Amino acid sequence: MPEYNWPSREASTVIGKVHDRLDGTVKSTGAAKYTYDVNLKNQLIAVAYGSPYAHCKIKSLDVSGAEKTAGVVHVEILPQGQKDTEIEWEGELLAVVAAESEAAAREGISKIKLAVEELDVFADEGNLEAAEEAGRTGNGGGKVETVNEPGDDDDEDEFVEAEIERLFKQAKHVVEGYYAIDPITHCCLEPHGSTVEWKDGKLQAYLSTQNVSGTDEQFARDLKVTADDVHVQCEYIGGGFGSKFAPDYWGIAAARISKATGRPVKMMLQRDQELKLGGSRPSGYLKVRLGADQNGVVQVWDSHHWGSAGYRGGGVSHSVVPYVLVPPNYRRTSTTIKSNTAQARAWRAPNHPQACAMTQTALDDLAATMGANSYDIFLANLANASNGKADVYRAEMEVGAKLIDWKAKWHPHGKGPSRGSIVDGLGMALHTWGGTANTSSCLLKVHPDGGVESFCGTQDLGTGTRTVCAQVLAETFGLEVDGVRVNIGSSKYPNSGASGGSTTVGAVCESHRRAGQDALEKIFELAAKELEVDASVLEAVGGRIRDSANHDKSITWRKACSLIGLKPLEVTSNYQRGAASTLTNSGVGGVQMAHVEVDKETGVVKIKKFVAVQDQGLVINPKTCKSQIYGAVIMGIAAALYEQRITDPKTGKFINAELSDYKLARLGDIGEIVVELYEPESERVRGVIGNGEPPAISPKAAISNAVANALGVRVPTIPLTPKRVLDALAKA
């Protein structure tokens, strides 16, 4: 077996080089087939009926009117639509109508009659006192206390309290604050859904999913068939961000209806249903007191945070508070709140954006209290970096400061020059993430004519996975990227993990590099006989197999492949998540800085410039890597200034569950975004590390800090809407 490795920076011909995405043309021309684009012969269109109540008990669900509607073929009452079922959030699907057309299905839906017993509703998840009075609170993972490593005896709480107070008395600077971030909602451009069809007892599912290799088993389990009886395909997906790991109960319902009717069924969530059912990012609200020494290094932290992940409770994990810069002494308590809203789903760095927004804002307020430069206080607190990446952050801060011209543009909080009612400010934040490679397998075929193709049950979320796979194989075989064919998006291909947690690029790099080097070893053995050299001296470069010391001794790649015989050379190579490897690693850090302007008369915040400096180990394709970061920053800007799930606290209704009402950043809202990939040799040699999550973490905190620097006043709750800005100014 070969020793799996990457070429050096100097020797690399494809890895680390810019390459356009292989699927760019088909996507931009509309030729790419997404789930919604799959139309099968004689298919039915299914539309679901959702509960208009946030909390109720079903007395009856009359679907007879729907069944009599012209064009309606089948009506199914879902398990949660049965009598006496308790519904705990608005939008929960109760029934599905399948018809010859969408219009007929919608008409059928309009004739469904629901009778319920309305129950008490709680949806004011930011109001801890009200939640306690309503009996909606729980322990958020336990009270976690660490102060000089106290013992476990019965007097521990008293000891901790005494130590906390002693440390605050010793502190040179003390800051108390309230920081919050409201829930936001997944709104994938392509809604959740599938087109399904049964043939000869087997299910073909065209599913919008981040988990091609895993959803066949989920279908099989719920439909009581074997995984071999299910084929899941997803060539392209219009967004997932952590919300599309399963077929979901509506996908299973579509499969049941297809089997019952003997016809294909397409069922995609309607736009308002997408926002209501697709999942959300939990809210977080925090009260904190922190104490720092004369240099601004935080020595003690005492906080309580709360929030909700939906009707089952949950919220921001206590384990990430305080975030990254963890002082030696801290006490943190969390409370979960059960609200009558849909349960949250994973979303690009779960817990981290909220934790960053709730805690690194407090660090910025410490700088304001001291009259110090925020940059210097963040720099001083790198001594508390909990992930061992202080040196990386220090270097990234230097890069970011130069790109945003921090030294020239920074001013004390609220003390900058103004242009009438407009003031500007700078803010920063930093983040961390794992990015460990997932499990992955790759079947590689090298054909006698020199053709190379791979088969892997991964998926491309729009990040360039196909291109990365092709680049890895092209580098391995000394070929051009266009000379490699990558096949993904089918559950019939070798298993590869779900795309979540920034695990995909590492996974496919592992399986494809291993398969490529395994195959190349066999090809070298054949070429060595032809060239009359030892196989150990051969290398694949520029479409040729050659003696590394004597380049005159070489044969073309096609000639070498012709030695394989009449059948292709097939190699399957695997990587198991967590296994030791020289190809991938984990643990990255990034620094982001924002330059904003705020109109004190209107409360409007505008992004002038945003700088993101990111470590991700070895970069396979700088273009697609930067694209990931651009997208993450735009997502962060939207969450910082615009996105907000607005729920009526009395009824629990999601009142802005339409894209016309759910505000997102537009082209003119994002300002200038500058992305810098931090890839010194010390990081490159660590290997590939995933980069989907990390750059989505810091924008909200960095922008909030920039606004506070501009105004001299903290706007405590994100998103930083004009009303909240004006309210903060009025209160100050």
Condition check: polar (S, T, N, Q), free of Cβ contacts under 8 Å to residues at least 40 places away in the same chain and in contact with a strand residue (DSSP E or B) (Cβ under 9 Å, 6 or more places away or on another chain). Does N585 satisfy that? no
Return only the number of the condition from (1) without any contact (Cβ under 8 Å) to a residue 24 or more places away in the chain; (2) in a strand (DSSP E or B) that E597 does not satisfy. (1)
All but one of (1) part of a loop (DSSP other than H, G, I, E, B); (2) buried (at least 21 other Cβ atoms within 10 Å of the Cβ) hold for K83, so report the exception by its number. (2)
Could you identify the single residue in A372, A367 that is modelled with pLDDT of 95 or more, closer than 20 Å to G400 by Cβ and touching a helix residue (DSSP H, G or I) at 6+ places or on another chain (Cβ under 6 Å)? A367
Provide a single number: the residues in the stretch 450-488 that are more than 24 Å from the chain's Cα centre (by Cα), of a type in the set (V, I, T) and surrounded by fewer than 24 Cβ atoms within 10 Å (Cβ to Cβ). 1
Filtering the stretch 686-732 down to residues that are part of a helix (DSSP H, G or I) and under 22 Å from the mean Cα position of the chain (by Cα) yields P694, P695, A696, P699, K700, A701, A702, I703, S704
For the stretch 614-644, what are the residues that are more than 18 Å from the chain's Cα centre (by Cα) and either surrounded by 23 or more Cβ atoms within 10 Å (Cβ to Cβ) or farther than 22 Å from A708 by Cα (or both)? G617, L618, V619, I620, N621, P622, K623, L641
Check T69, T25, T35, T13 and return the single one that is without any contact (Cβ under 8 Å) to a residue 12 or more places away in the chain and β-branched (V, I, T). T25
Flagged pairs (Cβ under 7 angstrom, 6 or more apart or on separate chains; first in the stretch 400-422, touching a residue at least 12 places away in the same chain (Cβ under 8 Å) and at positive phi; second surrounded by 15 or more Cβ atoms within 10 Å (Cβ to Cβ) and not aliphatic (A, V, I, L, M)) are G414/G712
Subset of the stretch 335-351 (residues that are assigned to a loop (DSSP other than H, G, I, E, B) and either closer than 30 Å to G296 by Cβ or not polar (S, T, N, Q) (or both)): A342, A344, R345, A346, W347, R348, A349, P350, N351
Boolean, K650 is in contact with a Gly (Cβ under 9 Å, 6 or more places away or on another chain) and either over 20 Å from V472 (Cα atoms) or in a helix (DSSP H, G or I) (or both): no
Scanning the stretch 306-329 for residues that are of a type outside the set (A, V, I, L, M, F, W, C), within 24 Å of R394 (Cα to Cα), part of a loop (DSSP other than H, G, I, E, B) and in contact with a strand residue (DSSP E or B) (Cβ under 7 Å, 6 or more places away or on another chain) gives P322, P327, P328
With (1) at pLDDT below 95; (2) touching a Leu at 6+ places or on another chain (Cβ under 8 Å) as the list, and A470 as the residue in question, which single condition is left unmet? (1)
Flag for H512 being touching a residue at least 24 places away in the same chain (Cβ under 8 Å), out of contact with any Pro (no Cβ under 7 Å at 6 or more places or on another chain), within 29 Å of L526 (Cα to Cα) and not basic (K, R): yes
Filter result (in a loop (DSSP other than H, G, I, E, B) and of a type in the set (V, I, T)) within the stretch 542-570: I564
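The rows are residues; the columns are (1) more than 27 Å from S499 (Cβ to Cβ); (2) among the aliphatic types (A, V, I, L, M); (3) out of contact with any helix residue (DSSP H, G or I) (no Cβ under 7 Å at 6 or more places or on another chain).
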| position | (1), (2), (3) |
| --- | --- |
| R684 | no, no, yes |
| I689 | no, yes, no |
| P695 | no, no, no |
| A701 | no, yes, no |
| N705 | yes, no, no |
| G712 | yes, no, yes |
| V715 | yes, yes, no |
| L720 | yes, yes, no |
| A732 | yes, yes, yes |
Taking the options E570, E601, E525, E532, name whichever one is more than 30 Å from L461 (Cα to Cα), of a type in the set (D, E, K, R) and touching a Lys or Arg at 6+ places or on another chain (Cβ under 9 Å). E532
For the list (1) hydroxyl-bearing (S, T, Y); (2) over 30 Å from L379 (Cβ atoms); (3) in contact (Cβ under 8 Å) with a residue 24 or more places away in the chain, I need the number of the one condition that S554 fails. (3)
For the stretch 571-582, enumerate the residues that are surrounded by 14 or more Cβ atoms within 10 Å (Cβ to Cβ) and in a loop (DSSP other than H, G, I, E, B). R577, S581
The stretch 673-685, residues that are among the hydroxyl-bearing types (S, T, Y) and either part of a helix (DSSP H, G or I) or modelled with pLDDT under 95 (or both): S682
Residue among I620, I607 that alone is part of a loop (DSSP other than H, G, I, E, B) and at pLDDT 95 or above: I620
Criterion first (among the polar types (S, T, N, Q), in a loop (DSSP other than H, G, I, E, B) and under 23 Å from V174 (Cβ atoms)) does N295 satisfy it? yes
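Every residue, every condition in (1) crowded, with 16+ Cβ neighbours inside 10 Å; (2) of a type in the set (F, W, Y); (3) touching a residue at least 24 places away in the same chain (Cβ under 8 Å); (4) over 15 Å from K338 (Cβ atoms), yes or no:
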position	(1), (2), (3), (4)
V97	yes, no, yes, yes
I109	yes, no, yes, yes
A123	yes, no, yes, no
A130	no, no, no, no
R136	yes, no, yes, no
Of the listed residues (R394, R332), the one being of a type in the set (K, R), closer than 29 Å to G712 by Cβ and in a strand (DSSP E or B) is R332
Quick check on the stretch 498-528: of everything there that is of a type in the set (S, T, N, Q) and touching a helix residue (DSSP H, G or I) at 6+ places or on another chain (Cβ under 9 Å), which residue is farthest from Q233 (Cα to Cα)? Q517
All positions within the stretch 370-386 that are crowded, with 16+ Cβ neighbours inside 10 Å and either farther than 14 Å from A429 by Cβ or touching a Leu at 6+ places or on another chain (Cβ under 7 Å) (or both): M370, A372, N373, I377, F378, A380, N381, N384, A385
Give, as residue ranges, the helices (runs of 4 or more DSSP H) completely inside the stretch 193-277 that count at least 1 residues that are small (G, A, S) and either touching a His at 6+ places or on another chain (Cβ under 8 Å) or surrounded by 19 or more Cβ atoms within 10 Å (Cβ to Cβ) (or both). 212-223, 248-261
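The values are calculated or read from the model by the stated rules, or taken from the named source; none is laboratory data. Just so we're clear, the structure is a prediction, and the values are computed from it rather than from any experiment. So basically every Cβ, Gly included, is an ideal-geometry build from the backbone, and we count neighbours across all protein chains shown.
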